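Peer 1: Just dropping this structure here.
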Amino acid sequence: MYRISELAQRVGLSRSTLLYYEKLGLISAKRQANGYRSYSENDLQRLVLLQQLHRLDVLDDEIAKKQKARELLSSMLASHQFAECIY
């Protein structure tokens, strides 16, 4: 079990981000007798997965940009080679 500060440090997120995720229902804390929030290993794994999914979006965007650049370059090379064949 992790307290909110421990969990925040483990996953590299702020305490306020964790509270926001809890509000959204992405993670759920158990309240201890002293009122502190306590998060499970499952919550930790869920946060790691969420971070990986965000990274996946970033990678997909990078791949799409690189594919467009490749298509543009291929097009430019093809038209340049065609121009050389004419002369």
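Peer 1: May I ask you to list the residues in segment 1-37 that are surrounded by 10 or more Cβ atoms within 10 Å (Cβ to Cβ) and over 19 Å from the mean Cα position of the chain (by Cα)?
Peer 2: Once the filter is applied, which keeps residues that are surrounded by 10 or more Cβ atoms within 10 Å (Cβ to Cβ) and over 19 Å from the mean Cα position of the chain (by Cα), segment 1-37 yields MET1, TYR2, ARG3, ILE4, SER5, GLU6, SER28, ALA29, LYS30, GLN32, TYR36, ARG37.
Peer 1: Would you check if there is a residue in segment 37-51 being hydroxyl-bearing (Ser, Thr, Tyr) and in a helix (DSSP H, G or I)?
Peer 2: no
Peer 1: Also, I was wondering about something else. Would you confirm whether or not segment 65-82 contains a residue that is closer than 30 Å to LEU26 by Cβ and modelled with pLDDT of 90 or more?
Peer 2: Yes, segment 65-82 contains a residue that is closer than 30 Å to LEU26 by Cβ and modelled with pLDDT of 90 or more.
Peer 1: Here are some residues: LEU7, LEU50. Which one is in contact with a helix residue (DSSP H, G or I) (Cβ under 9 Å, 6 or more places away or on another chain), modelled with pLDDT of 95 or more and of a type outside the set (Ser, Thr, Tyr)?
Peer 2: One residue alone meets the criteria, LEU7.
Peer 1: Scan segment 38-49 and give yes if some residue there is touching a Leu at 6+ places or on another chain (Cβ under 9 Å) and either loosely packed, with under 13 Cβ neighbours inside 10 Å or hydrophobic (A, V, I, L, M, F, W, C) (or both), otherwise no.
Peer 2: yes
The values are calculated or read from the model by the stated rules, or taken from the named source; none is laboratory data. All values reported here derive from a predicted model rather than from experimental measurement. With ideal geometry, Cβ positions are generated from the backbone for all residues, glycine too; neighbour counts draw on all protein chains shown.
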